[in-house]
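Below is one structure, written out as structure tokens; comments come after it.
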Amino acid sequence: MTIDQLIGGGVLAATLRLATPILLAALGGVVSERAGVVNIALEGCMLVGAFFGVVAADQSHSVVVALVAAMAVGAGLAAIHAVAAINILALGLTSYLDYQFYGTTGTPSDLAGVPDIEIAPLAAVPFVGDVIAHQNAIVWAGLALVVLIQAFLFRTVPGLRLRAVGEHPRAAETVGIAVRQTRYWAVIASGMLAALGGAYLSLSVAHSFTDGMTGGRGFIGLAAMIFGRWTPVGALVASLIFGYGTALSFSLQGASIGEVRVPVQLLSTLPYVLTILAVAGFVGRSRPPAADGIPYETEGHG
């Protein structure tokens, strides 16, 4: 086991790549829960984003069309979630449609993929270039979204209104804020963000779709949101912890402590153990929005 295996440029670069889908799901959770709605369908939104992103890329040969289609379907699924949670539906639907579209041969190998962005001036810088000089465009989009959503929630009037709906919906309604509409839009936005995370998995990482390929990342995104105290910056930190745990589990495969080889099965649990420890350590200290998960009825409906 070496220092390079623990904190080398390759490990940290992989941390960013692996954290991105978790981060996008977590950002979706932040937006939704700040408005008072627990979106447990983030996993389903990620899965349909992954699948329909592949279908759109196959049919249009345009990665832009593919990403727009993925986010549109994610928005649609989130809109349905406003009525019922549908993770199982998403899993069954994508599995069925995958077989109908591509049979047993799998998705095409020539899909339009999201490109990496090369930052030439940084590529020659030792260590820094290894970490950030060749990252995927969606990795950078995720980091930009952290800044934008943080500023939106805490520095703009619409963001203040959204947070008011999640904290004191009755008071928000008395000053003219449309509580129900705000919550619907927040859930739809969360679905789009999660779907972008799914499209990242299929179009940037795997360049294909396989059944259940999101692997629970939507649920881990919810954990990252809680650890991050319902803030975009906090969600980024939590996502990086999970991403680092996963990158470390890959880096340490074949490593040994003294003469004892570290079991691969133990390494595979590392990201989940880190996530559990992080959430267990912070969940009691963090406070969700006061009206989070509480259904709201207008005065006229009692």
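The values are calculated or read from the model by the stated rules, or taken from the named source; none is laboratory data. All figures in this text were calculated on a predicted structure; none of them were measured in a lab. We place every Cβ from the backbone using ideal geometry, glycine too, and count neighbours over all the protein chains shown. We work out accessible area using only protein heavy atoms, side chains counted, and drop any ligands, DNA or RNA first. Shrake-Rupley method; radii C 1.70, N 1.55, O 1.52, S 1.80 Å.
Across region 49-148, Cα pairs under 8 Å and at least six residues apart give a relative contact order of 24 percent. For region 92-198, relative contact order (Cα pairs under 8 Å, six or more residues apart, normalised by length) works out to 12 percent.
From the alpha carbon centroid of region 4-35 to that of region 160-230 is 15 Å. By the helix-only formula, in which each DSSP H run with n ≥ 4 contributes -39500 (n - 2.57) and the sum is divided by residues, the chain has a 222 nm mean residue ellipticity of -21000 deg cm²/dmol. The angle between the Cα long axis of helix 63-81 and the longest principal axis of the Cα atoms of the chain comes to about 50 degrees, rounded to the nearest 10. Hey, what angle do you get for helix 42-60 against the long axis of the chain, alpha-carbon based, 0 to 90 degrees rounded to 10? Here the helix axis deviates by roughly 70 degrees. With θ taken as phi - 60° and the Karplus curve 6.51 cos²θ - 1.76 cosθ + 1.60 applied, the whole-hertz 3J(HN,Hα) list for region 106-113 is x, 5, x, 8, 10, 5, 5, x Hz, x standing for glycine and proline. In percent, rounded to a whole number, the relative contact order of the chain is 35, using alpha-carbon pairs under 8 Å and six or more apart.
Surface analysis of the chain yields an accessible area of 47 Å² per residue, using protein heavy atoms and a 1.4 Å probe.
Axis angle, to the nearest 10 degrees, between helix 87-102 and the longest C-alpha principal axis of the chain: 60 degrees. GNM remark for the chain: springs join alpha carbons under 10 Å apart, and the peak mean-square fluctuation among L252, L236, L27 falls on L252. In the neighborhood of I138, defined by Cβ-to-Cβ distances under 12 Å, what is the net charge if each Lys or Arg adds +1 and each Asp or Glu adds -1? Combined, the nearby Lys, Arg, Asp and Glu give 0.
Residues whose amide H falls under 5 Å from that of V262, counting only those 5 or more places apart or on a different chain, are A255, S256, I257, with hydrogens built in the peptide plane. If the chain linking W140 and A123 were pulled fully straight, counting 0.36 nm for each residue of separation and taking away their Cα-Cα distance, it would gain 4.5 nm.
Set against the labelled values [x] 37, 60, 3; [y] 30, 43, 24, 3; [z] 33, 55, 11, 0, P(r) over Cα pairs in 20 Å bins from 0, in percent computed from this structure falls on [z]. Ligands, DNA and RNA left out, the 1.4 Å accessible surface of region 1-119 is 67% carbon and sulfur atoms.
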